[in-house]
Structures are given as C-alpha cells and as structure tokens.
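Each value in this text was obtained by applying a stated rule to the coordinates, not by laboratory testing. These figures come from a predicted structure and were not determined experimentally. Virtual Cβ from ideal backbone geometry, glycine too; neighbours counted across all protein chains shown.
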Amino acid sequence: MKGIPVALLLLALVAAASLQDLAVAADNGAAAAPVPDAVCDGKCRSRCSLKVAGRCMGLCMMCCRDCKGCVPSGPYASKDECPCYRDKKSPKTQRPKCP
C-alpha cells in the first residue's frame, strides 16, 4: 500500500518532464544561441576591407549579430544577399544602418 503513492509520484514527475520537453520542442529554438563573434568578425573584415575599419566594423558586427550571422560576402556584394542586413534602418534618419 505504501508503494502506490511513491509510484504515482514518480509517474507524475515523468509526465511533467515529458510535457516540458514537448514545450521546448514546440518552441522551435526561439531562444537560439547567439552568433559567435569570431563568425561575424571574419565576415565583417571582408565586408569592411575597403573602408575605415573602426566605424564600419562596429556597425557591421552589430548588424551581423542582429541578423544571425548574415553579412553580404564582400565590399561590393549586394545587400540583397541578406534581407535583414539590407532592411535595417537608422531610427532617426531612416538611412541604411548596416555598411
């Protein structure tokens, strides 16, 4: 008789853990890991190779992180390669934010 409440408690814990796993799986990774700086650094060095590095690199790194690692492939590459990168605008002037 004493074993039944223990078994029910274990069953409830297993059910709760299963529901938690299902909830995380249904989330589809909304809280995805951020892009490592090393990935953005290489892409932004290529993108900013013909510009003054300080400002270009800072803006490019910010855009790269926001756009999950998407940066156009070179200094003359079309921003259409990365719609997120292309569509980011400065809040004050509405000019493109990403170099």
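Worth pointing out:
- Selection of first residues in the stretch 72-99 that are over 15 Å from residue 62 (Cβ atoms) and without any contact (Cβ under 8 Å) to a residue 60 or more places away in the chain and of second residues that are surrounded by 13 or more Cβ atoms within 10 Å (Cβ to Cβ) and of a type in the set (S, T, N, Q), restricted to Cβ pairs under 6 Å at least 6 apart or on distinct chains, gives the following pairs, ordered by first then second residue: 74/46.
- Residue within the stretch 63-83 that is over 14 Å from the mean Cα position of the chain (by Cα), assigned to a loop (DSSP other than H, G, I, E, B) and crowded, with 18+ Cβ neighbours inside 10 Å present: yes
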